[in-house]
Amino acid sequence: QSGSVAANPEQYDESYLCPVQVGGQTLNLDFDTGSADLWVFSTLTPASESTGHAKYNPKTSGKAKSGYTWNISYGDNSGASGTVYADKVVVGGVTATSQAVEAATSVSTQFMQDTDNDGLLGLAFSTINTVQPQQQTTFFDTVKGTLAKKLFTVDLKAGTAGTYDFGYIDNSKYSGTITYVPVKTTNGFWEFTAGAATANNRSLGSVGDAIADTGTTLMYLPTAVTSAYYAQISGSTNSADAGGYIFPCDADVPDFHIAIGGKSFTVPGEYINFTPADNSGEQCFGGIQPNTGIGFTILGDVFLKAMFVVFDQTTSAPRLGFAAQ
Ligand SMILES: O=C(CCCl)NNC1=[NH+]CCN1
């Protein structure tokens, strides 16, 4: 089988939500290549934490996995926990007849407050799924064997709907050729080695080991690369108050170029002029921030929405394919 689902941006492209049928109920989920749990707001989530969210009701067709629990925390210190059911999950027409659906009994404030978001669908490697006593497979791993090709593609866009495709590569969605690089799976992420970064034809240094993460909004880069980038923007400053680098909203924000697999890819400066940093709209928050304290360099949505990316498990050596949109 194969299929395609829309990835609808929230305000400022903070995250992208995709309609998914869970036990016949449609929920809007954040597809996250940086984690491996499919969890949903549910009728088991306290009303005080789930107002405004669509909720999965396991009573309809869910089969309780008795004694199974899950508890996840993300790079941004958000998190959730709960119990586990098996139910039918359909994404863009691709059907998992029995998928582990993790029903939330508790969610952190970030999730409680984002009422567009009804849960997450993890697309990292199942080795980091948090279900106990028995780890469960991601939606992709559950259906992989039934897909025309064991791959999915990610085509996020700036300020408009993109797509996640499962089982095929739509050649109309990218320009030029797809450049493939090997993936290191030991941490459970789609982790690869990126190369030299430049802006305004100046070297910013090498980005190095990085993860392709649709569940993270911004790009979190090595501090040396980040500070060299903002040295090119007059008036920029790393503000503890704002929580990162900000600059005047009318600044000239340079394109960011990064080498991957020997090819150069461009993130337009306008994607890096990310959001107003305060209510005056005078200072803007940067789409590139330092990776301090995260433990990984993360190429999140600001990067991904300039690219067409193939998450490929067609062979025993997973790989990532990058093309310009
Ligand atoms: O947790 C991470 C970073 C892994 Cl190093 N990405 N995925 C995600 N989902 C919700 C917030 N962030």
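Calculate what fraction, in whole %, of the accessible area of the chain sits on carbon and sulfur atoms when a 1.4 Å probe is rolled over the protein chains.
Numbers: 6100 of 12760 Å².
Using a 1.4 Å probe with all protein chains present, the chain comes out at 48 percent carbon and sulfur.
Hey, what D do you get for the chain in µm²/s if you plug the Kirkwood alpha-carbon radius into Stokes-Einstein at 37 °C and 0.692 mPa s? Numbers along the way, then the final one.
Working: Rh = 20.1 Å.
Translational D for this selection: 163 µm²/s.
Looking at segment 163-267 from every direction and averaging, what is the projected area of its Cα convex hull in nm²? Intermediate results must be reported in sequence, preceding the final value.
On the way: hull surface 35.1 nm².
Its Cα hull, projected and averaged over all orientations, spans 8.8 nm².
Per residue, how much accessible area does the chain have with a 1.4 Å probe, in Å²? Write out the running numbers ahead of the final one.
Working: 12760 Å² over 325 residues.
So the chain comes to 39 Å² accessible per residue, rounded to a whole number.
Could you tell me how many cubic angstrom of Cα convex hull volume segment 255-325 has per residue? The partial results should precede the final answer.
Values: hull volume 8.5 nm³, N = 71.
With only Cα atoms used, segment 255-325 gives 120 Å³ per residue.
Segment 102-175: D in µm²/s via Stokes-Einstein (Kirkwood Rh, Cα pairs, 20 °C, 1.002 mPa s)? All intermediate terms of the calculation are to be shown ahead of the outcome.
Details: Rh = 15.0 Å.
For these conditions, the coefficient is 143 µm²/s.
So how long is each side of segment 80-228 along the principal axes, counting just the alpha-carbon atoms, biggest first, in Å?
So the extents along the principal axes, rounded to whole Å, are 52, 38, 33.
With every atom except the alpha carbons ignored, what do you get for Rg and Dmax of segment 1-52, in angstroms?
Cα-based Rg and Dmax for segment 1-52 come out at 12.7, 40 Å.
By the 4.7 Å beta carbon criterion, which cysteine residues of the chain come out unpaired?
C18, each lacking another Cys Cβ under 4.7 Å.
Output ³J(HN,Hα) for segment 40-52: one whole-Hz value per residue in order, computed from phi by the Karplus curve 6.51 cos²θ - 1.76 cosθ + 1.60 with θ = phi - 60°, and x for Gly and Pro.
3J(HN,Hα) across segment 40-52, in whole Hz: 9, 4, 8, 5, 8, 7, x, 4, 5, 10, 10, 4, x.
Note down, for segment 11-142, the three equivalent ellipsoid semi-axes (square root of 5 times each alpha carbon gyration tensor eigenvalue), biggest first, whole angstrom. Each step should come with its number before you reach the end.
On the way: eigenvalues 71, 51, 50 Å².
So the equivalent ellipsoid measures 19, 16, 16 Å along its semi-axes.
Where nothing but the Cβ of Lys and Arg (+1) and of Asp and Glu (-1) is charged, how large is the charge dipole of the chain around its Cα centre, in debye to the nearest 20? Working shown, then result.
Values: 15 positive and 29 negative charges, 255 e Å.
My answer is approximately 1220 debye.
Which number comes out as Rg/Rh for segment 68-116 once both Rg and the Kirkwood Rh are worked out on C-alpha atoms?
So for segment 68-116, dividing Rg by the Kirkwood Rh gives 1.05.
Between F308, F31, F265, find the one with the highest GNM mean-square fluctuation for the chain; connect C-alpha pairs within less than 10 Å.
F265
Let me know the shape class of segment 202-325, please: from the alpha-carbon gyration tensor, a ≥ b ≥ c as square roots of the eigenvalues, rounded when a/c is under 1.5, otherwise prolate if a/b is greater than b/c, or oblate. Could you put the intermediate results ahead of the total?
On the way: a/c = 1.94, a/b = 1.89, b/c = 1.03.
Since a/c reaches 1.5 and a/b is larger than b/c, the shape of segment 202-325 is classed as prolate.
The values are calculated or read from the model by the stated rules, or taken from the named source; none is laboratory data. Predicted, not measured: the structure shown is a model, and the values here were computed from it. Cβ sites come from the backbone with ideal geometry, for glycine too, and all protein chains shown count toward neighbours. Ligands, DNA and RNA are stripped out before the accessible areas are found, and what is left, the full protein with its side chains, is counted by its heavy atoms. Shrake-Rupley method; radii C 1.70, N 1.55, O 1.52, S 1.80 Å.
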